[in-house]
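Encoded as C-alpha cells, the structure appears first; notes follow it.
No lab work stands behind these numbers, since they all come straight from the coordinates. Everything numeric here is computed off the predicted structure, so don't read it as measured data. Glycine gets a Cβ as well: all are built from the backbone with ideal geometry, and neighbour counts include every protein chain shown.
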Amino acid sequence: MNEELFDHFEALTFDDVLVVPGWSEVLPAEVQTTTVLGGIELRTPLISAAMDTVTEAPLAISLAREGGVGVLHRNLSIEDQADQVDRVKRAQSGMIDRPISLHPGATLADAEELMGRNKISGVPICDPDGRLVGILTNRDVRFCGEGEFDRKVSDFMTSEGLVTAPVGTSLDEAKQLLHRHRIEKLPLVDEAGRLRGLITVKDIMKRIQKPDATLDPRGRLRVGAAIGVTDVAQRAEALIGAEVDFLVIDTAHGHTRGVIDAVAIIKKGWPEVPVIGGNVVTREGVDALVEAGADMVKVGVGAGSICTTRVVAGAGMPQMSAIFECARAAREHLVADGEGNARPVPIIADGGVVSSGDIVKAFVAGADAVMVGNALAGVDEAPGDLELVDGAMWKTYRGMGSAGAMRGRAADRYGTAQEASGGAKHVAEGVEARVRYAGALSELVSQLTGGLRSGMGYAGAATLDDLHHRTRLVRITGAGLRESHPHDVDVLRD
Ligand code: XMP
C-alpha cells in the first residue's frame, strides 16, 4: 500500500481555470509572441502535431510561413518521411545552394518530369564539369508539340546573354538584378563559371509576403520530424541527412527506458540536432529526459481530443497541472538561449487545446510553445479527407493510437503490441473522428494568435515571459464554466 497515494490528489485542466485580468498597458496588436526553442525562434508559438491527419509537407510549409513550425508524422517509411522533410526544405530558400540542374543532352521529357516532380518553373543546364551553359524555363517549352519531347534541352534552352552573378551576391543585390533584367531566376557562378547557387524571384517574393516565417540560416523553412523507439538511428540519420531542423521522440509515455535510450542515441550520434523528448507529465519525467540529453520536453498524457488513453489505461494528468509541474521542474535545468542568458529547458504543451483561450492558459501555466492537432486538422493543408455531411464540410482526424493509424508504422508509440496467433495486436488508445472544415491555415492561425494576443492584453503581458511570471489564474466552478460560454441564447452563428 502506498501511504502517500492521495497526497497529490487534485489536478486541473484548461476549463477549470481562467486568467485573471490584470493591470494592463499593452495593446494586443503590440505584444510579442516570439518564443525560442532549442535555438529556433518562432514568432508564432504553435507547433503542429505529428499526426497522419495533421502534418505532412503542405501543412508544415504553411505553418512555418506563418511563424510556427510543423512536426512531420512518422506513419511513413523512413524514405517517405525524409522526402517530406526535403519538400519542406525546398519550398522556399534565400539562396538555393544545390540547385537541381540538367545536362544539355537530357530530353525535354526529362526536363518536364523533373520540373513537375519538384514543382519548379525552370532548370539550369550544366556541362559535365558543372559549368553553366544555359537555362530552360517553362517559357522556352510552352508551345512545344507532342513529337518534340525526345529532343534535347540544348535545342530549347536560353544560352545567349545569360544573366549570372558571383557567389556571395546578397539578396538585395539579387533583387535589383532580377528587376533590372526582368528575369525570374539568377544563377550564381564561381570564377570557373560553375553553378554554385540560384536565387529566384519567387523566393524573394515569399520572404516579402511572409516576413514572420520560421527560417533557417539559409532562408529555408524550418521543420521537425517525429521518431519512435524502434528504428531510432536509421530514421534519425535519414531525417538529418534531409536537413531536418529538430527531432521529436514521439511517444505516449516518455518516462520509459525506450525513450530515454532513444534520446541518448540521437544526442550521442548528432549532438548538434535539437531533440524534443516526450511525452511526460511529471517532474521525474522531465528530469529523466533532460538528464538523457533532451533539449526540450513535451508534456501531455491523454489530453488530446482524440485520445482514449485515460479511458483505456486509466492513466494521465489533467493538462494545466501537468504543464505547471513540468515547467517547475524545467526551471531546475538551465540551458543557454543563444543570447548569453540561461533559461529553463523549454516546455511544449501537447494536447487538449481547442480554443485560443486554452493557448493563453497553457502559457500562463509555464509552456513555451503549444502543440495542436485538432485545432489544425480542419484546414485545407491538412492531409485528412474532406467530407460533406448534412450540408456541413468536415475533415478526417484520427488519433495515432486509433486502430486505423496503428495499422501503420507508428504503432510503437503505445507499446501495446501483443503477439497473437495472427500477428501483433494493439489495444487502441485513440479514436477515428472528424473535425469541421476550417479553410486556409493562415486564416485559422491568425484567429488563434489573435486570441493569444487578446489574452495577453487582458493579463497585461507584453511578452510570453510576462504571461509566465506576472499572471494569475482563478479556479472556477461548473457554474463559472457555464457562464464562460454563450448561455441562455440560441446561437445563430459563431
Ligand atoms: P489535440 O487535443 O490537439 O491533441 O487533438 C493532439 C495530441 O494528442 C496526442 N495523440 C494521442 N493521444 N491517443 C492518445 O492518447 C491517440 O490516439 C493520440 N493521437 C495523438 C498527441 O500528443 C497529439 O500531439
Any idea how far apart Asp127 and Met205 come out in nm if each label point goes 7 Å out from Cα toward Cβ?
-> 3.4 nm
Expressed in angstrom and rounded, the centroid-to-centroid distance over alpha carbons for segment 332-386 and segment 1-41 is 11 Å
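Antiparallel as a % of all DSSP beta bridges within segment 1-144, to the nearest 5? Provide the component values of the computation, followed by the final result.
Values: 8 of 11 bridges.
Counting only bridges with both partners in segment 1-144, antiparallel ones make up about 75 percent.
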Charge tally for neighbours of Asp15 with beta carbon under 13 Å away, counting Lys, Arg as +1 and Asp, Glu as -1, is 0
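What chymotrypsin sites (Phe, Trp or Tyr not before Pro) does segment 1-101 have in DSSP loop regions with at most 10 other beta carbons within 10 Å?
Here the sparse-neighbourhood loop sites are Phe6, Phe9, Trp23.
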Rounded to the nearest 5, the percent of antiparallel DSSP beta bridges in the chain equals 60 percent
Label point 7 Å out from Arg470 along Cα-to-Cβ: which residues of segment 31-45 have amide N under 13 Å?
-> 31-32
Per-residue ³J(HN,Hα) for segment 146-162, Karplus 6.51 cos²θ - 1.76 cosθ + 1.60, θ = phi - 60°, Hz, x for Gly and Pro = 3, x, 8, 6, 9, 7, 7, 5, 4, 6, 10, 5, 8, 10, 7, x, 4
Dipole of segment 108-208 [Lys/Arg +1, Asp/Glu -1 at C-beta], most positive-end residue of Leu186, Pro128, Gln176 = Gln176
Hey, which lysines would be in cross-link range of Lys152, C-alpha to C-alpha under 19 Å, not counting anything within fewer than 8 residues on its own chain?
-> none
State to the nearest 20 debye the size of the charge dipole of the chain about its Cα centre, where the only charges are +1 on K and R beta carbons and -1 on D and E beta carbons.
-> 680 debye
Residue-span extension gain [His8 to Glu112] - 0.36 nm each, minus C-alpha spacing | 31.0 nm
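Taking 0.36 nm per residue of sequence separation and subtracting the Cα-Cα distance, how much length would be gained by fully extending the chain between Leu334 and Val489, in nm to one decimal?
Full-extension gain reported as 50.8 nm.
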If amide H atoms are modeled at 1.01 Å from N in the peptide plane, then the residues at a separation of 5 or more from Gly197, or on another chain, having amide H under 5 Å from its own are Leu188
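Please state the relative contact order of the chain as a whole percent: Cα pairs under 8 Å, 6+ residues apart?
Computed over the chain, the figure is 21 percent.
Do any trypsin sites (Lys or Arg not before Pro) in segment 105-140 lie in a DSSP loop with no more than 14 other beta carbon atoms within 10 Å, and if so, which?
Values: sites: Arg117, Lys119, Arg131, Arg139; in loops: Lys119.
Filter output for segment 105-140: Lys119.
With the Cα gyration tensor of segment 117-162 in hand, convert its eigenvalues to equivalent ellipsoid semi-axes via √(5λ) and list them largest first in whole Å.
Whole-Å semi-axes of the equivalent ellipsoid: 19, 13, 11.
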Computed over the Cα atoms of segment 27-177, what is the convex hull's projected area averaged over all directions, in nm²?
-> 13.7 nm²
Restricting to lysines and to Cα separations under 17 Å from Lys206, and discarding same-chain partners fewer than 8 apart, the set is Lys89, Lys119, Lys175, Lys185
Taking Cα pairs under 8 Å and at least six residues apart, what relative contact order does segment 252-313 come out at, in percent?
-> 34 percent
As a Kirkwood estimate from alpha-carbon pairs, segment 108-208 has a hydrodynamic radius in angstrom of 14.4 Å
Give me Rg over Rh for the chain, both radii from the alpha carbons and Rh done the Kirkwood way, two decimal places.
-> 1.02
Determine, from the Cβ-Cβ distance of Glu160 and Gln234 and an R0 of 60 Å, the FRET efficiency 1/(1 + (r/R0)^6), rounded to the nearest 0.05.
-> 0.80
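Could you list the GluC sites (Glu not before Pro) in segment 313-379 that lie in coil according to DSSP, counting only those with at most 12 other Cβ atoms within 10 Å of their Cβ?
Glu332, Glu339
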Which whole-number percent is the relative contact order of segment 90-131 (Cα, under 8 Å, 6+ apart)?
-> 47 percent
Could you line up Thr230, Thr44 from fewest to most neighbouring Cβ atoms inside 10 Å?
-> Thr230, Thr44
Show which lysines lie in cross-link reach of Lys361 when reach means a straight Cα distance below 23 angstrom and same-chain residues fewer than eight apart are skipped.
-> Lys298
May I ask you to evaluate 6.51 cos²θ - 1.76 cosθ + 1.60, the Karplus curve with θ = phi - 60°, for each residue of segment 336-351 and list the ³J(HN,Hα) values in order in whole Hz, giving x for glycine and proline?
-> 6, 9, x, 10, x, 9, 8, 10, x, 3, x, 10, 10, 7, 10, x
One finds, for Val389 and Asp83 with R0 = 25 angstrom and r their Cβ-Cβ distance, a FRET efficiency to the nearest 0.05 of 0.15
